[in-house]
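Engineer: Have a look at this one before I ask anything.
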Amino acid sequence: MREIIRQSRRLRLARLGSWVERRTVALILAISAAGWAFAELAEAMAEGGAHAFDERVLLWMRNPADPSDPLGPPWFEEFARDATALGGIGLLAFLTFAVAVFLGLTGRWRTMWFVLVATGSGQLCSSFAKRFFDRPRPDLVPHESFVYTASFPSGHAMMAAVTYLTLAALLARSQPLFRVKLFLLVLAVIVTVMVGVSRVYLGVHWPTDVLAGWTAGSAWALGCLLVARWLRRRRIIEPGAGDRNGG
């Protein structure tokens, strides 16, 4: 009887290990796809191959009779400004700090430091990429928001993806219920999309800037998730309820 129980346990562990490895491979493939997409966008931007697409999409969001006027009523323009603020460095820093404090108060100190390093290094990467590519801001329409850095990739879009997706993925690991995990991840994606679209709508970014920000930020967030999984399996950072339940 004991031998049967031991064999059953070994079988369950083997199945769990196989499932974990499949998820790891899926993460690596997703990171590779996002990195490839960013490289393609960067090449198209550098060679000018995306300029017609950028102009067409940017003008599509403007009044045909007056390109200086974004489509929609004044309240929608104000909503776009509110949405773009969700990707601002000040709000993202505050949100990251708040989550870090929450993790610290719940005793997950090593996870807290991981969150701070993951988001902080993502911001450094975004700043470096802007300086490296040094693409001018759109001059096709007036800017509806103050800007002071280069255009490619969109820092708002990239840091929204880095911050919201990373925080959502890490917080989801602490939730035992699948519907709560799904809610956190879907909410993070919605906010990230809203931030990116608002940057084009306000005329401060070309569409390819935002696409590049999304792909770079998603690759960074997925990479952080992959590293977090590796650290959890070695008990370097604290496991969440999802890890204990095999999630």
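Engineer: Sorting Glu78, Glu47, Glu238 by accessible area (1.4 Å probe), largest first, what list results?
Structural biologist: The ranking, largest first, comes out as Glu47, Glu78, Glu238.
Engineer: What base-10 log of the normalised intensity I(q)/I(0) is obtained for the chain from the Debye formula, alpha carbons as equal point scatterers, at q = 0.08, 0.09, 0.10, 0.17 Å⁻¹?
Structural biologist: Reported log10 I(q)/I(0), two decimals: -0.37, -0.45, -0.55, -1.24.
Engineer: In the full protein assembly as shown, how much of Glu40 is accessible to a 1.4 Å probe, in Å² to the nearest 10?
Structural biologist: 80
Engineer: Let me ask something additional. Suppose a student asked you for the relative contact order of region 25-127, using Cα pairs under 8 Å spaced at least 6 residues apart; what percent would you report?
Structural biologist: Reported relative contact order: 10 percent.
Engineer: Dipole of region 41-195, Cα-centred, from +1 at each Lys and Arg C-beta and -1 at each Asp and Glu C-beta, to the nearest 20 debye?
Structural biologist: In total the dipole reaches around 980 debye.
Engineer: Now for a different question. Before rounding to the nearest 500, sum -39500 (n - 2.57) across all DSSP H runs of length at least 4 in the chain and divide by the residue total; then give [θ] at 222 nm in deg cm²/dmol.
Structural biologist: -24500 deg cm²/dmol
Engineer: Send over a whole-number figure in Å² for the accessible area per residue of the chain, probe 1.4 Å.
Structural biologist: Numbers: 13560 Å² over 247 residues.
On a per-residue basis, 55 Å².
Engineer: Scan the chain and report its longest stretch carrying no trypsin sites (Lys or Arg not before Pro) that are both in a DSSP loop and have at most 15 other Cβ atoms within 10 Å.
Structural biologist: 1-233
Engineer: Probe 1.4 Å, all protein chains in place: accessible area of Leu167 in Å², nearest 10?
Structural biologist: Using a 1.4 Å probe on the heavy atoms, I get roughly 10 Å².
Engineer: What range in the chain is the longest one free of chymotrypsin sites (Phe, Trp or Tyr not before Pro) that are in a loop by DSSP and have at most 16 other Cβ atoms within 10 angstrom?
Structural biologist: 1-145
Engineer: Using a simple charge model, +1 on the beta-carbon of Lys and Arg, -1 on the beta-carbon of Asp and Glu, nothing else, what dipole does region 81-157 show about its Cα centre, in debye to the nearest 20?
Structural biologist: 280
Engineer: With +1 on the Cβ of every Lys and Arg and -1 on the Cβ of every Asp and Glu, and nothing else charged, how large is the dipole of region 22-63 about its Cα centre, in debye rounded to the nearest 20?
Structural biologist: Computed about the Cα centre, the dipole is about 360 debye.
Engineer: Among Trp220, Ala157, Ser127, which residue has its Cα positioned farthest towards the positive end of the charge dipole of region 101-247, with +1 placed on the Cβ of Lys and Arg, -1 on the Cβ of Asp and Glu, and the dipole taken about the Cα centre?
Structural biologist: Going by the charge dipole, the pick is Trp220.
Engineer: Quick one: ranking Met158, Met45 by accessible area, 1.4 Å probe, largest first, what do you get?
Structural biologist: Output order, biggest surface exposure first: Met45, Met158.
Engineer: Let me ask another. Carbon and sulfur atoms: what percent of the 1.4 Å accessible area of region 33-159 do they account for?
Structural biologist: Roughly 70 percent, rounded to a whole number.
Engineer: Also, quick follow-up: Modelling each spin label as a point 7 Å along the Cα-to-Cβ direction, I'd like the Phe132/Trp75 distance in nm, to one decimal.
Structural biologist: Result for the modelled spin labels: 4.4 nm.
Engineer: Please work out the FRET efficiency for the pair Ile190 and Arg234, using the Cβ-Cβ distance as r and a Förster radius of 25 Å; give the result to the nearest 0.05.
Structural biologist: 0.15
Engineer: What figure in square angstrom, to the nearest 10, would you give for the accessible area of Val193 with a 1.4 Å probe?
Structural biologist: Taking all protein chains as shown, Val193 has close to 70 Å².
The values are calculated or read from the model by the stated rules, or taken from the named source; none is laboratory data. This one's a predicted model, so the numbers in the text were calculated from it and none came from an experiment. A quick note on method: Cβ atoms are made from the backbone with ideal geometry, for glycine too, and the neighbour counts reach across all protein chains shown. Ligands, DNA and RNA are stripped out before the accessible areas are found, and what is left, the full protein with its side chains, is counted by its heavy atoms. Shrake-Rupley method; radii C 1.70, N 1.55, O 1.52, S 1.80 Å.
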